[in-house]
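*Asks:* Got a structure here, written out as structure tokens. Questions coming.
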Amino acid sequence: MMKAVKVLLLMLLCILPWAAGGEESQHYNYILPEKMPIVRIKTSEEDSDFIWRYSRSDKQNGLIEYVPAQISLTRCDDENRLYSVDAQVKVRGNYTLEYMKKSIRIKFDKPQSMMQLNNGKKFKNWVLLADWKDLSLLNNPVSFYLGNAILEPDGYYCTDYCPVEVYVNNTYWGVYLLVEQQEVKSGRTSLHETKKNQKSWASSYLFELDGYAEDERLMPEGKGDPTFPVSYFRFDGSVPDFTVKSDINDPDQLVFLESYVEKAYFIVYSALNDNRFYTFDPTYTTLILQPDSTPQETIGQVIDLQSLVDVYILYELCCNPDVGWSSFYVGLDMTPKGEKKLIFEAPWDFDSAFGIRRSYEMYDLPFESNFTNPWLDLFRDEPWFQEMVKEKWQKLRAHHVPEKALQMILDYSSCYKLNYLDNYRQWSARIIYGNHEVVDEVNVNKTQEDAALYMYQWLEGRIRWLDEQWN
């Protein structure tokens with residue numbers, strides 16, 4: 001009886017007026033192609049080895065290389081189609097390289113637009129996310145919809161997205177999510193691009209709190225990305241190092257970045273907890289005590305507060321347990337036009353969110369849980385910051401963003417039902433053997449529909465709980 005009531009509720013919600021489309025700003029509407037586009041990857045030697053043979057240990061040893069390929073994009077409007085465009089491809093990820101279905105990095109020889117994502121801007125680098133762990137195949141698309149709805153109206157970046165079917169050398173490979181590569185390019189962050197081979201500290205930096213930073217540091221022949229640690233003032237928890245995702249052309253740039261981030265945290269902590277107010281000197285290497293200031297004014301000099309408010313809401317809403325472990329991105333624009341403060345944007349990696357990860361399934365758990373994020377934790381009980389959070393939440397409620405996220409779950413599950421069935425015929429092992437990281441409701445012998453219903457009910461409860469917290 002209860003299940004029938006829930007199904008009836010979902011059917012009624014399908015006719016709500018806030019579905020995608022309409023006259024409202026595109027920031028607040030989700031992407032829903034009538035038919036799922038197809039991405040075809042053809043390697044130069046008709047060899048599909050690149051897509052299945054590599055594991056995490058291969059990445060750790062620097063063995064994963066690009067292979068030449070041609071990319072086609074079909075089952076879409078004429079203006080979006082691509083036919084045999086030259087590119088290179090390789091598998092990507094860290095722990096996800098252990099899964100049978102792996103994510104793919106595409107690097108075009110020349111910049112290309114893909115499905116008019118990001119307003120049709122052309123880039124060389126794109127990503128196909130496999131989403132093996134997430135049985136619903138909806139965690140990342142719903143998160144990126146929310147990320148766009150929350151961050152973009154304030155001028156911050158979140159990847160655009162589109163569900164696609166992938167074929168590798170004419171072999172069906174399943175449903176993937178086409179997204180953008182996280183990088184410092186005009187249109188892919190709010191940071192200004194740095195001149196090629198720039199060695200000055202006056203550059204733009206994009207860096208990730210990364211539980212796999214050690215893997216990057218230990219890769220042979222310097223193939224890994226640069227990393228740096230941060231000593232967090234009076235913070236007791238264990239926090240991973242940062243991995244830098246932008247160009248570092250001189251060791252002094254890395255030294256400067258580490259110093260800035262560490263001192264910025266000290267400034268924030270001192271203002272919030274000790275009523276001592278510091279600022280940077282003109283070289284951004286030494287701190288100066290300011291006798292007359294306030295916590296909000298002081299912190300606003302080193303942190304873009306609205307960006308922190310926005311990601312705070314996003315991570316609370318999705319309850320992503322990885323937020324203090326990996327894929328937490330921060331930007332710093334030290335170019336002449338830059339704000340010279342930490343910007344929190346480019347949210348990423350939500351395949352463990354929405355209550356599917358064991359020990360994180362209850363919607364009233366704090367988002368840090370066992371993986372505390374030092375930047376978000378500082379502001380949990382700060383009244384003026386929480387007022388900013390509440391104000392932003394009310395704007396999102398006025399645009400029906402939470403309700404649209406719920407509607408998106410229903411629309412994707414209905415519109416792409418056959419696509420999801422084909423995906424799990426190809427990857428039946430995910431259903432037969434499950435995944436030890438996720439809860440029983442979305443694990444062995446469950447379906448995409450089961451997982452989507454679980455996600456819907458979980459998110460509905462989460463929204464209700466956040467309404468109570470944020471009035």
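*Asks:* Which pairs do you get when a residue that is in contact (Cβ under 8 Å) with a residue 60 or more places away in the chain, found in region 180-198, comes within reach of a residue that is among the acidic types (Asp, Glu) and not in a loop (DSSP other than H, G, I, E, B), reach meaning Cβ atoms under 8 angstrom, with the pair 6+ apart or on two chains?
*Replies:* Listed by first residue and then by second, the contacts come to Gln182/Glu208; Arg188/Glu180; Ser190/Asp333; Leu191/Asp333; His192/Asp333.
*Asks:* Here's another thing I want to ask about it. Which one of these does Phe379 not meet: (1) buried (at least 20 other Cβ atoms within 10 Å of the Cβ); (2) assigned by TED's automatic domain parsing to the domain that holds Cys319; (3) not in a loop (DSSP other than H, G, I, E, B)?
*Replies:* (3)
*Asks:* Right, something else. Scan region 65-84 residue by residue and report those that are more than 15 Å from Asp47 (Cα to Cα) and outside any strand (DSSP E or B).
*Replies:* If the condition is that a residue be more than 15 Å from Asp47 (Cα to Cα) and outside any strand (DSSP E or B), then Arg75, Cys76, Asp77, Asp78, Glu79, Asn80, Arg81 are the ones that fit.
*Asks:* Take the conditions acidic (Asp, Glu), closer than 16 Å to Leu459 by Cα, assigned to a helix (DSSP H, G or I) and at pLDDT below 95 and apply them to Glu316. Does it pass?
*Replies:* Taking the combined requirement at face value, the residue satisfies it.
*Asks:* Contact list please: Cβ distance under 8 Å, first residue in region 259-271 and not assigned by TED's automatic domain parsing to the domain that holds Asp381, second residue surrounded by fewer than 23 Cβ atoms within 10 Å (Cβ to Cβ) and not β-branched (Val, Ile, Thr), pairs at least six apart or on different chains.
*Replies:* none
*Asks:* Count, please, the residues in region 201-231 that happen to be surrounded by fewer than 18 Cβ atoms within 10 Å (Cβ to Cβ), over 16 Å from Ser326 (Cβ atoms) and touching a helix residue (DSSP H, G or I) at 6+ places or on another chain (Cβ under 8 Å).
*Replies:* Of the residues in region 201-231, 3 are surrounded by fewer than 18 Cβ atoms within 10 Å (Cβ to Cβ), over 16 Å from Ser326 (Cβ atoms) and touching a helix residue (DSSP H, G or I) at 6+ places or on another chain (Cβ under 8 Å).
*Asks:* Which of (1) touching a residue at least 12 places away in the same chain (Cβ under 8 Å); (2) more than 14 Å from Leu342 (Cα to Cα); (3) surrounded by fewer than 20 Cβ atoms within 10 Å (Cβ to Cβ) does Phe280 not meet, given it meets every other one?
*Replies:* (2)
*Asks:* Let me ask something additional. Mind checking which residues of region 328-344 are of a type outside the set (A, V, I, L, M, F, W, C) and surrounded by 22 or more Cβ atoms within 10 Å (Cβ to Cβ)?
*Replies:* Scanning region 328-344 gives Tyr329, Gly331, Asp333.
*Asks:* Of all residues in region 45-55, which are touching a residue at least 60 places away in the same chain (Cβ under 8 Å) and in a helix (DSSP H, G or I)?
*Replies:* The answer is Ile51, and nothing else.
*Asks:* A further question on this structure: What single numbered condition from (1) modelled with pLDDT of 95 or more; (2) within 30 Å of Val439 (Cβ to Cβ) fails to hold for Arg75?
*Replies:* Failed condition: (2).
*Asks:* Is it fair to say Ser428 is surrounded by 18 or more Cβ atoms within 10 Å (Cβ to Cβ) and either charged (D, E, K, R) or modelled with pLDDT of 95 or more (or both)?
*Replies:* Spelling it out, it is not the case that Ser428 is surrounded by 18 or more Cβ atoms within 10 Å (Cβ to Cβ) and either charged (D, E, K, R) or modelled with pLDDT of 95 or more (or both).
*Asks:* Please work out which residue is farthest from Gln457 (Cα to Cα), limiting yourself to region 384-437 and to residues that are polar (S, T, N, Q) and not in a helix (DSSP H, G or I).
*Replies:* Ser428
*Asks:* For the structure I just gave you, tell me whether Lys195 is at pLDDT below 95 and not assigned by TED's automatic domain parsing to the domain that holds Gln253.
*Replies:* Criteria met by Lys195.
*Asks:* Restricting the search to region 401-420, which residues are of a type outside the set (Ser, Thr, Tyr), surrounded by 18 or more Cβ atoms within 10 Å (Cβ to Cβ) and more than 22 Å from the chain's Cα centre (by Cα)?
*Replies:* Listed by number, the list holds a single entry, Asn419.
*Asks:* I've got another one for you. Which of (1) modelled with pLDDT of 95 or more; (2) of a type in the set (Ser, Thr, Tyr); (3) buried (at least 19 other Cβ atoms within 10 Å of the Cβ) is the odd one out, the single condition Thr96 does not satisfy?
*Replies:* Every condition holds for Thr96 apart from (1).
*Asks:* Quick check on Asn443: is it at pLDDT below 95, within 24 Å of the chain's Cα centre (by Cα) and surrounded by 14 or more Cβ atoms within 10 Å (Cβ to Cβ)?
*Replies:* No, not satisfied.
Each row is one residue, and each column tells you yes or no for (1) crowded, with 17+ Cβ neighbours inside 10 Å; (2) farther than 29 Å from Phe50 by Cβ.
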site: Lys101; (1), (2): yes, no
site: Lys107; (1), (2): no, no
site: Met115; (1), (2): yes, no
site: Lys124; (1), (2): no, no
site: Ala130; (1), (2): yes, no
site: Leu137; (1), (2): yes, no
site: Ser186; (1), (2): no, yes
site: Thr189; (1), (2): yes, no
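*Asks:* Can you tell me how many residues within region 76-93 are surrounded by 19 or more Cβ atoms within 10 Å (Cβ to Cβ) and among the β-branched types (Val, Ile, Thr)?
*Replies:* Number satisfying all stated conditions: 2.
*Asks:* Continuing with the same structure: Can you report the number of residues in region 129-158 which are in a helix (DSSP H, G or I) and of a type in the set (Asp, Glu)?
*Replies:* The qualifying residues number 2.
*Asks:* Among the candidates Leu177, Leu209, which residue alone is in contact (Cβ under 8 Å) with a residue 12 or more places away in the chain and either farther than 23 Å from Tyr157 by Cα or in the same structural domain as Asn125 (by TED's automatic domain parsing) (or both)?
*Replies:* Going through Leu177, Leu209 in turn, the sole match is Leu177.
*Asks:* I'm checking my understanding of the structure. Among residues of region 150-189 that are modelled with pLDDT of 95 or more and small (Gly, Ala, Ser), which one is farthest from Lys90 (Cα to Cα)?
*Replies:* Looking at the filtered set, the residue picked out is Gly155.
The values are calculated or read from the model by the stated rules, or taken from the named source; none is laboratory data. All of these numbers come straight from a predicted model, not from anything done at the bench. Neighbour counts run over all protein chains shown; Cβ positions are idealised from the backbone, glycine included.
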